[in-house]
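Down below is the structure, laid out as structure tokens.
The values are calculated or read from the model by the stated rules, or taken from the named source; none is laboratory data. What you see is a predicted model; the values in this text were computed from it and never measured. Neighbour counts run over all protein chains shown; Cβ positions are idealised from the backbone, glycine included. Remember, those area values only see protein heavy atoms, side chains included, never the ligands or the DNA or RNA. Shrake-Rupley method; radii C 1.70, N 1.55, O 1.52, S 1.80 Å.
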Amino acid sequence: MKHVRRTRILTFSRLVFLSLFIILVSTGQFQLWLIVYICGVLASPILGRVYCGFACPMHTIMRPVEKISRKLGVQRQSLPQWLENPNLRYVMLVATVATMVLGRRVMGKEIPILFVLFVLSVVLTFFMKASLWHNNLCPYSLLLGFGGRFARYSRTVEESTCVRTNRCVKVCPVGAVSLSGTDGKANIDTAKCLQCEDCTDICPKSAISYTKNKESVV
């Protein structure tokens, strides 16, 4: 019952923020979305990357797109080595800022860069794993990941309960979960964790929950 309630709340949250994003973009007020993003960045050192799991419109659409692409067998499971470089996020950030500046000074208008990145993330996810965008390309993940590294609250594994099924590792869309904790039990990298609850929902022993992170920096 708790699992169903959590899923409904999370789904409702994603749909609300997705609707807000669509309204702002369609009315030419896409820059107002930056307020939502900034709030997510400010909250990340305390609550982790809740923006990614609960509010990000890219992640909301990428989830079903990835499932469809897997069923169709068009998604690549391995990536070219150059795409696995996380420093590409810095390149994307510079390109994003440069596009916005050039749009204003050369074209004399605002380029809907958020919408462009939204479309790019969905298209890439149809052919490649979602982790490519989240970990290596998304320019917005830089500040969120930095804040998430110090998160006071996050997905946390109770190692005494963990039975190492590896299900949480397989279901994580960003590779934040690994069997590297004590005795090879699950461990979660808060800098990567999107707080999406996928690992919590699939754990047969309810060993993963959103709680205070014992390893967080005070």
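Taking each residue of the stretch 96-110 that is charged (D, E, K, R) and looking for partners that are outside any helix (DSSP H, G or I) with beta-carbon atoms closer than 9 Å, six or more apart or interchain, yields Arg104/Glu110; Arg104/Ile111; Glu110/Gly28. Annotation note: Cβ proximity below 8 Å between a residue of the stretch 52-64 that is within 15 Å of Leu42 (Cβ to Cβ) and a residue that is open to solvent by 10 Å² or more (accessible area, probe 1.4 Å) and of a type in the set (D, E, K, R) (sequence gap 6+ or interchain) occurs for Phe54/Arg14; Ala55/Arg14.
Take the residues in the stretch 118-130 that are of a type in the set (A, V, I, L, M) and either surrounded by 20 or more Cβ atoms within 10 Å (Cβ to Cβ) or modelled with pLDDT under 90 (or both), then tell me which one is nearest to the chain's Cα centre (by Cα). Explain how you work it out, then say what you get.
Residues of the stretch 118-130 that are of a type in the set (A, V, I, L, M), as a first pass: 119-120, 122-124, 128, 130.
From the residues that got through so far, the ones that are either surrounded by 20 or more Cβ atoms within 10 Å (Cβ to Cβ) or modelled with pLDDT under 90 (or both) too are 128, 130.
Numbers: Met128: 15, Ala130: 9 Å.
Checked the stretch 118-130; the qualifying residue nearest to the chain's Cα centre (by Cα) is Ala130.
Checking the stretch 200-208 against the condition returns a match, with at least one residue being over 13 Å from the mean Cα position of the chain (by Cα), surrounded by 19 or more Cβ atoms within 10 Å (Cβ to Cβ) and more than 29 Å from Ser69 (Cα to Cα).
Please work out which residue is nearest to Ile202 (Cα to Cα), limiting yourself to the stretch 132-176 and to residues that are of a type outside the set (S, T, N, Q), touching a strand residue (DSSP E or B) at 6+ places or on another chain (Cβ under 7 Å) and in contact (Cβ under 8 Å) with a residue 24 or more places away in the chain.
Of the residues in the stretch 132-176, the ones of a type outside the set (S, T, N, Q) are 132-134, 137-140, 142-153, 155, 157-159, 162-164, 167-176.
Remaining after also requiring touching a strand residue (DSSP E or B) at 6+ places or on another chain (Cβ under 7 Å): 152-153, 155, 157, 168-169, 176.
Restricting the remaining residues to those that are in contact (Cβ under 8 Å) with a residue 24 or more places away in the chain gives 152-153, 155, 157, 168.
On the way: Arg152: 23, Tyr153: 20, Arg155: 13, Val157: 13, Cys168: 7 Å.
Applying the filter and picking the extreme gives Cys168.
Once the stretch 144-174 is narrowed to residues that are touching a helix residue (DSSP H, G or I) at 6+ places or on another chain (Cβ under 7 Å) and of a type in the set (Val, Ile, Thr), the residue that is most open to solvent (accessible area, probe 1.4 Å) is Val171. Residues of the stretch 177-199 that are free of Cβ contacts under 8 Å to residues at least 60 places away in the same chain, polar (S, T, N, Q) and either more than 19 Å from Leu47 (Cα to Cα) or open to solvent by less than 20 Å² (accessible area, probe 1.4 Å) (or both): Ser178, Ser180, Thr182.
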